[in-house]
Amino acid sequence: MRSGSLLLVLLLAGCGTTAQVVRVPVPVPCVVDLPAAPQVSTDAELRAMSDYRLVLAIARERLQLLGYSAEVRAAAEGCAPKPALQPAPVLNRKGVLGLGIFG
């Protein structure tokens with residue numbers, strides 16, 4: 001009889017607890033398709049160009065490389081960890097953070 005009541009007490013004690021959910025952040029690899037690198041002129045092609053065409057080619061390639069670097073930077077920032085949110089300041093009787101601003 002005593003072992004039966006002990007078993008009953010143990011079973012009832014197990015019903016009184018609730019399961020807790022614990023959320024654990026899991027690192028996930030960031031897989032991003034990087035943009036294709038722009039084609040640039042070779043040194044031999046640049047040497048063969050006239051001064052006017054050389055300046056145009058360099059300006060065109062500079063703009064292409066600036067756009068490419070912006071796309072790569074955007075992809076990298078998408079994979080960067082997000083900063084944690086800061087809690088809002090607490091208002092109390094003395095005002096914001098107890099500085100006495102509101103009276």
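Tell me which of these A57 doesn't satisfy, since it passes every other one: (1) at pLDDT 75 or above; (2) within 26 Å of R73 (Cβ to Cβ); (3) within 34 Å of the chain's Cα centre (by Cα).
Of the numbered conditions (1) at pLDDT 75 or above; (2) within 26 Å of R73 (Cβ to Cβ); (3) within 34 Å of the chain's Cα centre (by Cα), the odd one out for A57 is (3).
Which residue, of G98, G103, is surrounded by 11 or more Cβ atoms within 10 Å (Cβ to Cβ), touching a strand residue (DSSP E or B) at 6+ places or on another chain (Cβ under 7 Å) and at pLDDT below 95?
G98
Under 7 Å between Cβ atoms, at least 6 apart or on separate chains: pull out the pairs that start in segment 58-71 with a residue that is of a type in the set (D, E, K, R) and end on any residue that is not in a helix (DSSP H, G or I).
Here the result reads E61/V40; E61/S41; E71/P35, each pair linking segment 58-71 to a residue that is not in a helix (DSSP H, G or I).
Could you tell me which of the residues D33, D43 is at pLDDT 75 or above, among the acidic types (D, E) and closer than 21 Å to A74 by Cβ?
One residue alone meets the criteria, D33.
When the residues of segment 33-54 are narrowed to those that are of a type in the set (A, V, I, L, M, F, W, C) and surrounded by 12 or more Cβ atoms within 10 Å (Cβ to Cβ), which ends up nearest to the chain's Cα centre (by Cα)?
V40
The values are calculated or read from the model by the stated rules, or taken from the named source; none is laboratory data. Keep in mind that this is a model prediction, so the values were computed, not measured. With ideal geometry, Cβ positions are generated from the backbone for all residues, glycine too; neighbour counts draw on all protein chains shown.
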